[in-house]
Structures are given as structure tokens and as C-alpha cells.
1. T63: of a type in the set (S, T, N, Q), more than 14 Å from the ligand (Cβ to nearest atom) and surrounded by fewer than 17 Cβ atoms within 10 Å (Cβ to Cβ), yes or no?
2. Between a residue in segment 35-60 that is free of Cβ contacts under 8 Å to residues at least 24 places away in the same chain and assigned to a loop (DSSP other than H, G, I, E, B) and any residue that is of a type in the set (A, V, I, L, M, F, W, C) and surrounded by 10 or more Cβ atoms within 10 Å (Cβ to Cβ), which pairs come within a Cβ distance under 7 Å, given they are 6 or more apart or on different chains?
3. Given the condition at pLDDT 90 or above, among the hydrophobic types (A, V, I, L, M, F, W, C) and within 10 Å of the ligand (Cβ to nearest atom), answer yes or no: does some residue in segment 2-21 qualify?
4. Given the condition more than 10 Å from the chain's Cα centre (by Cα), on the phi > 0 side of the Ramachandran plot and among the hydrophobic types (A, V, I, L, M, F, W, C), answer yes or no: does some residue in segment 51-67 qualify?
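The values are calculated or read from the model by the stated rules, or taken from the named source; none is laboratory data. Remember, it's a predicted structure, so these values are computed and weren't measured experimentally. Virtual Cβ from ideal backbone geometry, glycine too; neighbours counted across all protein chains shown.
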Amino acid sequence: MRQFKVIDVHSERQMYGEYFGYPKCCVKYFVENFDELPILNKRRKPLHGSGFIPCPDCSLNKTEEELIKEINENRKYEKPFAPFLETCPETGIWIRRKFS
Ligand SMILES: [Zn+2]
């Protein structure tokens with residue numbers, strides 16, 4: 001008989017957060033405040049629009065560059081976390097994407 005592992009929605013969100021390398025404190029904040037996030041995030045935070053939501057502590061104390069570095073060091077997902085960055089087609093160098 002096949003057995004299915006039941007994963008509750010909190011564990012699933014936590015699992016994805018860790019897979020993508022997001023800091024543990026931010027994953028915890030995301031999981032615990034999930035329903036309130038649209039209200040809590042009306043104020044612009046670092047890495048706004050990247051899909052990653054930093055916890056209040058990281059929002060205040062870490063720069064976008066520090067967060068990106070930390071995320072990539074812990075990341076299990078194959079593609080690096082490179083919000084707002086793209087590869088220049090001519091040079092192959094990472095460049096900061098311009099906001100329109
Ligand atoms: Zn955090």
C-alpha cells in the first residue's frame with residue numbers, strides 16, 4: 001500500500017524557504033505571519049518585488065547585498081538568487097536590471 005506523507009502548510013512553506021536559502025528568521029516570520037503579510041508589507045522593504053520578504057530585523061539591519069549573499073550561501077535551489085540582476089548579453093557580466 002502506498003503511503004503519503006502529510007505535510008502541513010507551515011512545514012511546506014518552511015521547507016521551500018530553506019530550499020531557496022532564505023534566512024531562518026525570515027522564513028519563521030513569513031510562516032508565522034503569512035495571513036498578515038499583505039498588511040505588514042505595505043511599507044517598502046529591502047528586495048521588494050523579488051519574491052523574498054525579509055523579517056523586520058533583517059529589513060532594518062541588513063543591506064540588499066548582504067541578504068543576497070546570505071541567501072546564495074544557503075541556497076539549495078540550482079539557480080542563484082539574483083533579483084534585479086541580469087546577464088549582459090555582450091559581456092556576460094551580471095548587471096543591475098533597470099526598473100521601468
Ligand atoms: Zn530575517
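1. Considered against the rule, which asks whether it is of a type in the set (S, T, N, Q), more than 14 Å from the ligand (Cβ to nearest atom) and surrounded by fewer than 17 Cβ atoms within 10 Å (Cβ to Cβ), T63 comes out as no.
2. Listed by first residue and then by second, the contacts come to N41/I53; K45/I53; P46/L67.
3. no
4. No, that holds for no residue.
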